[in-house]
1. Return the loop-located trypsin sites (Lys or Arg not before Pro) in the stretch 136-236 (DSSP other than H, G, I, E, B) with at most 14 other Cβ atoms within 10 Å of their own Cβ; answer none if there are none.
2. Can you give me the % of accessible surface on the chain that is carbon or sulfur? Probe 1.4 Å, all protein chains present, nothing else counted.
3. So between residue 196 and residue 110, what do we pick up on full extension, going 0.36 nm a residue minus the alpha carbon distance?
4. Looking at the chain, do any whole DSSP H helices span at least 30 angstrom along their long axis by alpha carbon and average 0.5 or above on Kyte-Doolittle, and which?
5. Give the accessible surface of the chain per residue, rounded to a whole number of Å², with probe radius 1.4 Å and ligands, DNA and RNA excluded.
6. Take the residue pairs 124/196; 124/192; 43/124; 85/168 and return only those whose Cα atoms are more than 27 Å apart.
7. Answer with a single label: of (i) 26, 20, 17; (ii) 39, 31, 15; (iii) 79, 12, 11, which was calculated as semi-axes √(5λ) of the Cα gyration tensor in Å from the structure in view?
8. Explain nothing, just the number: relative contact order of the chain, from Cα pairs under 8 Å at least 6 residues apart, as a whole percent.
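The values are calculated or read from the model by the stated rules, or taken from the named source; none is laboratory data. Being a predicted model, the structure only gives us computed values, none of them experimental. Here the Cβ positions follow ideal geometry from the backbone for every residue, glycine too, while neighbour counts run over all protein chains shown. We work out accessible area using only protein heavy atoms, side chains counted, and drop any ligands, DNA or RNA first. Shrake-Rupley method; radii C 1.70, N 1.55, O 1.52, S 1.80 Å.
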Amino acid sequence: ARLSELAADNARHALEDRLAALEQAEDRADIVLYDLRDRLDLKIVPRLIVCVDISHHQGSETVGSAIVFENGAPKKSEYRHMRVKGQWRNDDYRSLAEVVSRYFRRRMDEKRPIPDLLVVDGGKGQLGAARGALEELDVTDVALAALAKREEVIFRPDRYDPIRLGRKNPALHLLQRLMDEAHRFAVSYNRKLRRKRTLRSDLAQIPGIGPERQKLLLSRFGSVRGVRGATAQEIA
């Protein structure tokens, strides 16, 4: 009984410490979000932000990612990735427009909250592509920003000069975190698709092995090496 009471006290103290830390983090996040609103001249505080990125390998396996931050923190349950259907190859503008269009159309179809701010990687070209996709959907209440990471400048619609924030500015750091996370998520999906394509192309060289049989073999043995090491009876 004494051990149980001690464990309960320890758990209570740990929970209180955790809640206090979360409140402090929320306070800091609020400060950053208010600063971001002021720096980008937004109408509202961007509580819900989506960041979109494109990844491809020499024009093949083009994919897009859409990651979501809520109140300055990642909301991984809202992360989405998709294959780009259009045969745009190296045309990042058209690929970006497709991903933005599909992402927002799906959110509207599912009656999910529309983000306050959309951030894309790049400059005026990418910003224009995203803006065009939203206009085609008649989505007008989403703020737009493009972050050119190399120059660390931010582009906004209807503004000729880019916005420059100090390198130590927390609002810039938040945008960089968004972009890094979107890039990581897109690249990991692109690599996964390329890996699958490579495995299946190796198996496809075997006479009599079609797409469905390739899937079954990889599911059962895990890799081409696993298939090579299997006995005839195991494969049968």
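1. Answer in residue order: 149, 150, 159, 167, 168.
2. The value for the chain is 48 percent carbon and sulfur by accessible area.
3. 27.9 nm
4. Qualifying helices: none.
5. Heavy-atom SASA per residue in the chain reads 62 Å².
6. The answer is 124/196; 124/192; 85/168.
7. Correct label is (ii).
8. 17 percent
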